[in-house]
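Read-outs: derived from the displayed coordinates by stated rules, not from any lab. These numbers were taken from a predicted model, which means no experiment stands behind them. Here the Cβ is made from the backbone with ideal geometry for all residues, glycine too, and neighbour counts use every protein chain on show.
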Amino acid sequence: MPRHNPAAGCGSAVLEAPPAVLAANHPVVPRGRDASAAPAHGSDAPVAASSALPVPRSALKRVSFGIIAKKEETKTAYPVLPDNPEASAIAARILERTEQFEALKGALETDKAELKFLVAPHYFAVNHGRHEVPSSISVPSPKGEVLVCFQNRYSLLPDETGLLPVLGERTGEFFRQSFELKIKGDKLPADKTQELMDRLQSLFAEFNATDALEVKEGVKPTAEFHAARHLQLTPAQNLALEQVCPIVAMVKTKGRK
């Protein structure tokens, strides 16, 4: 049988022909035919003929949707433009330039990430001890000014493990648990959250439906963290936190003359 090579094709399924030795030692015998009809290819032992097996009846319980229409996945057939050399040339140019744009976009994103990495130490050092913190750092260049803007946005962390070596017992001052269960957990009253969760789970358990509950949880900064970090943490601590919970930054090339 063909082998599936998940490493080939950038994640696409790639079928490879079996090695010649394997194919020679395992000849394919059509269903219902005598094994003697297939060449042995050097093997003295006959290959057993395969026979069609009866398909078992499904014991799967299905829900009837009655008159509700089922969506059928079909490939849309679009009308094709008749032969038009000018339109064809433009389409080809679009495809070529799109490919060039995607390559340039990837290089640009890499440069932006590297610039943010180089600017971050100065951002935390120059703003240390300040209550009102400018949002950006200006980077002059021969081509003009570029602004690296540090936003009050952070990614959700899976847990607090990486924060403990930096903040220790103060972790709870700057970060809190956040979760979603078809509701936003950080919007619930803190003193009633556990009771609400217990009652919700009890209700679903009553109907044997606890498997239907899904939760997405993690750890994120408190609302005051973005401003408080400059007053209460050292530049070294902020840089260490940057490795665990990086601040979302944007690089702007327009907006100021």
What FRET efficiency do you get for residue 128 and residue 153 if R0 is 22 Å and r is their Cβ-Cβ distance, rounded to the nearest 0.05?
-> 0.60
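With a cut-off of at most 12 other beta carbons within 10 Å, and DSSP calling the residue loop, which chymotrypsin sites (Phe, Trp or Tyr not before Pro) in the range 151-257 qualify? Please list them.
Answer in residue order: 207.
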For the range 86-257 the mean separation of alpha carbon contacts under 8 Å (6+ apart) over residue count, i.e. relative contact order in percent, is 36
Residue 188/residue 217 FRET efficiency (R0 22 Å; Cβ-Cβ; nearest 0.05) = 0.95
Gyration tensor on Cα atoms of the range 86-257, a ≥ b ≥ c root eigenvalues, a/c under 1.5 rounded, else prolate if a/b beats b/c, else oblate, says oblate
Please give the contour-minus-distance gain from residue 204 to residue 113: 0.36 nm per residue of separation, less the Cα-Cα distance, rounded to one decimal in nm.
-> 28.2 nm
Fewest-first ordering of 149, 245 by Cβ atoms within 10 Å yields 149, 245
